[in-house]
Amino acid sequence: MRTTMNDVNITADVQDRLIAKLNAGQPLDSQTDAAPVSTSTDVDRDGLTRTVETFADGSQRWIETNISAAEDTRGLNPSKTGCKSASGWYTGCKIGIADLVSNAGFSVDYTANKVRDVRGRYCNNSVGGASCSASVKRATASSAGPAWAELTFTAGIGPIGNVASGAFGIRVSGTSASLYG
């Protein structure tokens, strides 16, 4: 965990406070519904956008995406990377979320008004157990709403058995894809 915190430039004193918070069984602000106190975005030379949210306790959550600004209506925290275009479908789109101690994600294919083939789900947690499931919730958009696929997760936090849980995914309506979480 310290390696990850060093990689994202969190100072040693903030690292100590965050680890103490986890050891006390409390979730980091980045693992809750807390609002970030700052957000920064950088674009690398390959066009990959990385958005880092920093929270009041010093924890961070980041999103990496290659979605164009016109498509990016994600709202909260997932990212989508690695899509390839084939026969009118975006295939192998990786959707994921990460913070200092956990990450989760899955791959999916989508086209206008449709999603298919959820696969490759994963969830990892360095401070406790984790479980997740991913599925297509609505394969084709209809009057009931957009096509969508979702991953739900549960992760243990700290030694006293606190649990964080949530869901994130992709919605497709017309030719617009959006991420939520």
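Put simply, the amide H of L100, placed in the peptide plane, has neighbours under 5 Å in Q60, leaving out anything fewer than 5 places away on its chain. Between amide H atoms placed 1.01 Å from N, distances below 5 Å from V118 occur with V136, all of them 5 or more places distant or on a separate chain.
Backbone geometry of the stretch 130-145 corresponds, through the Karplus equation with coefficients 6.51, -1.76 and 1.60 at θ = phi - 60°, to 3J(HN,Hα) couplings of 8, 9, 7, 9, 9, 7, 6, 8, 8, 5, 10, 4, 8, 5, 6, x Hz, x marking Gly and Pro. With the convex hull constructed from alpha-carbon coordinates only, the stretch 91-171 shows a mean projected area of 5.4 nm² over all directions. Phi angles across the stretch 83-95 convert, under the Karplus curve 6.51 cos²θ - 1.76 cosθ + 1.60 with θ = phi - 60°, into 3J(HN,Hα) values of 5, 10, 9, 8, 6, x, 10, 8, 10, x, 6, 8, 10 Hz, Gly and Pro given as x. With the simple spin-label model, which puts each label point 7 Å out from Cα in the Cβ direction, the K84 to S40 separation comes to 3.5 nm. If you plug the beta carbon distance of A56 and S176 into 1/(1 + (r/R0)^6) with R0 = 45 Å, you get a FRET efficiency near 0.85.
Readers should treat all values here as calculations from the given coordinates under stated rules, not as data from a laboratory. Quick caveat, the model's predicted, so the values are computed rather than measured. When we count neighbours, we look across all protein chains shown, and the Cβ atoms used for this are built from the backbone with ideal geometry, even at glycine.
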